[in-house]
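**Student:** Please find one structure pasted underneath; my questions will follow.
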Amino acid sequence: MMKNKFWVLLLLSVTMSQSVFSQGNIHEQSSSYQWPEEQDVVQKLHQWQDLKFGVLIHWGIYSVPGIVESWSICDENWITRDTTQTFQQYRDWYFGLSDQFCPRQFNPQQWASVMQQAGMKYMIFTTKHHDGFCMFDSQQTDFTIARHAFRDDPRRDVLRYVLDAFRNDGFMIGTYFSKPDWHSQYYWWDVYPNKGRNVNYSIKDYPWRWEQFCKFTYRQIEEILSRYGSVDILWLDGGWVCKENRQDIHMPDIAAMARRQQPGLIIVDRTIRGPYENYQTPERTIPETQLSYPWESCIPLSDDWGYVPRPRWKSAQKVINTLVEVVAKGGNLVLGVGPTPEGIIQDEAVERLNAIGKWMKANGKAIYGTTITPHYHEGSVWFTSSKDGRLYAVCTLDDGASFPETLSWTVNLPKKSVRLVSNGKRLKYRVKDGKVFVTLPKGMANQPFAMEIN
């Protein structure tokens, strides 16, 4: 009977509305930016800005049933959950997934190879999400992949193998870390009920308990940055844990320690404007206009960050169009991809990523290492510039649409030539009344393409 109840709960969890889960917790973008004072951080930021395209990997116990990461154990009113069980029953079931998460096919080399072929240049791996389950062998808690179902596998310290695989393929390395921890008794204390996503007890009344949480957080971040080789980015999620929200975890101390361990480290304290938000991270959105400071749109390949059984995938062309717009506006794109509970990237994701990579190989000159240009958009054409002043025009195209025989625009007019970036072929063009008309070759594939304008 208990076995049947488990499978009923699992089926209900899998079939919950992913769209409801996915849309309730979008982070607002900060309204201002402060450049870091440390010159080695500024230098690494400029290196990161040149990369343009990365991957954000969500993988944890939520991958077992294929549900939204962490949020289903929160009691906020945008969350829909099975009503045949109590919250405590659901929470026990959710945390119990740690005893089922045993990814025997875990293959970080496949991940790195697929992302490299996609044209990605940096990665961010989720070391711990809000549910507190660590994807590394933390000495601060037993709630880690290394001490549950995967404990007998020699690769149980998953973070080491993931970072090594991507580092060996030349990626800039980033580690995601959740500041809130809904499994920790120092954040969600069982003496009191939960209160949304926030700490559930009075810090004023129990300052010693909060200080224990601060030490716990500090030590876990120190573990990540001291034991796993070179790390370039510390990507901190959970912006409600901050001094302004009376949940002060002493970020100056954390940042000082982090940069002692990893000099030049980029720190991304999401949505907390100031010295520790070294780049901004609009989620599932693209800013309306260009921004002159470092930023990154984080957008998943499907509707969800992690693995779900029946995802709605974005097309390769949709991702390319998004990347082009982001780069023309001065940002980077980090694409969310979630491995399966067994530990591999799904074939449908690989197919799309390979198509993106093929396009990047042909047109990447107009993407990588570029900067913004004052006139950056007209119609379906987006403009970028190399650092030595060469202009590129990238024409986007919606799925199923076809190109006209000619393209035209009124800014960034050519003076000598227009060439396809993919093969250097010169295109016929004419300029009349302040407008250029470019004749497209017959038989040209109906997909985005880049041109170099001289």
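The values are calculated or read from the model by the stated rules, or taken from the named source; none is laboratory data. In this text, all values refer to a predicted model and were calculated from it rather than measured experimentally. Cβ coordinates were reconstructed from backbone atoms using ideal geometry, including for glycine residues, and neighbour counts include every protein chain displayed. Heavy atoms of the whole protein, side chains included, go into the accessibility calculation; ligands, DNA and RNA do not. Shrake-Rupley method; radii C 1.70, N 1.55, O 1.52, S 1.80 Å.
**Student:** Based on this model, can you work out whether P263 counts as surrounded by fewer than 22 Cβ atoms within 10 Å (Cβ to Cβ) and under 18 Å from the mean Cα position of the chain (by Cα)?
**Tutor:** no
**Student:** Just a yes or no: is a residue in the range 417-427 under 26 Å from the mean Cα position of the chain (by Cα) and free of Cβ contacts under 8 Å to residues at least 12 places away in the same chain?
**Tutor:** Within the range 417-427, none of the residues are under 26 Å from the mean Cα position of the chain (by Cα) and free of Cβ contacts under 8 Å to residues at least 12 places away in the same chain.
**Student:** With modelled with pLDDT of 95 or more, surrounded by fewer than 23 Cβ atoms within 10 Å (Cβ to Cβ), more than 18 Å from P341 (Cα to Cα) and out of contact with any strand residue (DSSP E or B) (no Cβ under 6 Å at 6 or more places or on another chain) as the only criterion, which of D75, D50, D82 stands out?
**Tutor:** D50
**Student:** Does the range 329-336 include one or more residues that are in contact with a helix residue (DSSP H, G or I) (Cβ under 6 Å, 6 or more places away or on another chain), open to solvent by less than 10 Å² (accessible area, probe 1.4 Å) and among the aliphatic types (A, V, I, L, M)?
**Tutor:** Checked the range 329-336: at least one residue is in contact with a helix residue (DSSP H, G or I) (Cβ under 6 Å, 6 or more places away or on another chain), open to solvent by less than 10 Å² (accessible area, probe 1.4 Å) and among the aliphatic types (A, V, I, L, M).
**Student:** While we're here: Among the residues of the range 322-335, is any hydroxyl-bearing (S, T, Y) and in contact (Cβ under 8 Å) with a residue 60 or more places away in the chain?
**Tutor:** Step one: filter the range 322-335 for residues hydroxyl-bearing (S, T, Y), giving 322.
From what's left, in contact (Cβ under 8 Å) with a residue 60 or more places away in the chain: none.
Checked against the condition, which is being hydroxyl-bearing (S, T, Y) and in contact (Cβ under 8 Å) with a residue 60 or more places away in the chain, the range 322-335 yields no hits at all.
**Student:** With the requirement that a residue be crowded, with 21+ Cβ neighbours inside 10 Å and over 14 Å from K329 (Cβ atoms), what does the range 280-317 give you?
**Tutor:** T281, C298, P300, L301, S302, D304, W305, G306, Y307, V308, A316, Q317
**Student:** Shifting gears a bit: Could you tell me how many of the residues in the range 353-385 are buried (at least 23 other Cβ atoms within 10 Å of the Cβ) and basic (K, R)?
**Tutor:** Residues that pass the stated criteria total 0.
**Student:** Name the residue, out of R273, R246, that is at pLDDT below 95 and not hydroxyl-bearing (S, T, Y).
**Tutor:** Among R273, R246, only R273 is at pLDDT below 95 and not hydroxyl-bearing (S, T, Y).
**Student:** Would you say A146 is in a helix (DSSP H, G or I), in contact with an Asp or Glu (Cβ under 9 Å, 6 or more places away or on another chain) and aliphatic (A, V, I, L, M)?
**Tutor:** yes
**Student:** Out of all the residues in the range 187-202, which are in contact (Cβ under 8 Å) with a residue 12 or more places away in the chain and either over 32 Å from the mean Cα position of the chain (by Cα) or open to solvent by less than 40 Å² (accessible area, probe 1.4 Å) (or both)?
**Tutor:** Hits for the range 187-202 are Y187, W188, W189, N194, G196, V199, N200, Y201.
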